[in-house]
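Asker: Questions regarding the structure given below will be posed in turn.
Every number here is computed from the coordinates shown, using simple stated rules; none is lab data. The structure displayed is predicted, hence computed values, not measured ones. Because the Cβ atoms are built from the backbone with ideal geometry, glycine has one as well, and the counts that use them run over all protein chains shown.
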Amino acid sequence: MITKLQQHYSYLFEENLLQEIANVSIYKKFKEDDIIIDVNSYMVAIPLIISGAIKILREDKDGDELVLYYIEKGDTCAMTLSCCMGETKSKIKAVAETDGTLLMIPKNKMSEWLSKYKSWQEYILQSYHSRLNEFIDAVDSIAFLNMNDRLLKYLKDKAMVIGNDVLNVTHLQIANDLHTSRVVISRLLKALEKQSKIELRRNQIKILEL
DNA sequence: ACATTAAGTGATT
DNA sequence: AATCACTTAATGT
């Protein structure tokens, strides 16, 4: 496992820290659509993603969802970090976008390393920084962008995290992620197809140019 | 052949 | 942009 760590994280962390991570963390595999973190769950460990992608979404009391952003290898979940610090419940839900693997780091270690390792401290800070930016983007797209632009961003993000421009999703799934109705998505997608930006098939969308 | 699910469309608010 | 009502197309049993 230490070798896998070195492959993906050696550019981020010093050798001692890598070794310590390897010693205390738990290696986990996850499959597409697995729920990594659910709302209102207490965090006992923070995830460090080795491979695959996870989407972070907000869920209201009716179970309506809204995708905030994606995290990939080398990322961690800033929400979890803040939950670990404050002993609060998770306010978000994390669902696996693809199959992948991650490390769970016990939360007591995470604060211990903050003072012990400079690289860890920088990583956590930088992680907060980038998540906050993505969060602002998400807010922007809801507040200022029309549905068409949100859909474009969604398709782009999705293609990027799975590293493929053929997406296997239904219009209904997209509608749920963007918190709108299927009919709206179908119409917008149809319009995009007419502009030769995408190609539509059942359960599949191929991205030509965005 | 029939049922189910995904997608397309016009009309209305 | 959302909702309704309805049609059409694809897919599974």
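Asker: What's the extension gain from residue A:35 to residue A:8 if we count 0.36 nm per residue and subtract their Cα-Cα distance?
Answerer: Separation in residues times 0.36 nm, less the Cα-Cα distance, equals 7.4 nm.
Asker: Label points 7 Å out from Cα along the Cβ direction at residue A:129 and residue A:101: separation in nm?
Answerer: 3.0 nm
Asker: If I model a spin label at residue A:202 and residue A:143 as a point 7 Å from the Cα along the Cα→Cβ vector, what separation in nanometres do I get?
Answerer: My value for the distance between the label points is 4.3 nm.
Asker: Where does chain A land at 222 nm, in deg cm²/dmol rounded to the nearest 500, when only DSSP H runs of n ≥ 4 count, each adding -39500 (n - 2.57), divided by all residues? Provide the component values of the computation, followed by the final result.
Answerer: Numbers: 8 runs with 100 residues, N = 210.
The helix contribution divided over chain A gives -15000 deg cm²/dmol.
Asker: Moving on. Volume per residue, Å³, of the convex hull around the alpha-carbon atoms of segment A:102-175? Spell out each step's value before the answer.
Answerer: Values: hull volume 10.3 nm³, N = 74.
In segment A:102-175, the Cα convex hull volume per residue is 139 Å³.
Asker: I'd like the per residue volume of the convex hull spanned by the Cα atoms of segment A:34-141, given in cubic angstrom.
Answerer: 97 Å³
Asker: Based on the alpha carbon coordinates of segment A:52-210, what radius of gyration and maximum Cα-Cα distance (Dmax) apply, in Å?
Answerer: When restricted to the Cα atoms of segment A:52-210, Rg and Dmax are 17.6, 57 Å.
Asker: Ok, one more. Can you give the translational diffusion coefficient of segment A:75-118 in µm²/s, computed by Stokes-Einstein from the Kirkwood radius over Cα pairs at 25 °C and 0.890 mPa s?
Answerer: Values: Rh = 12.1 Å.
It comes out at roughly 203 µm²/s.
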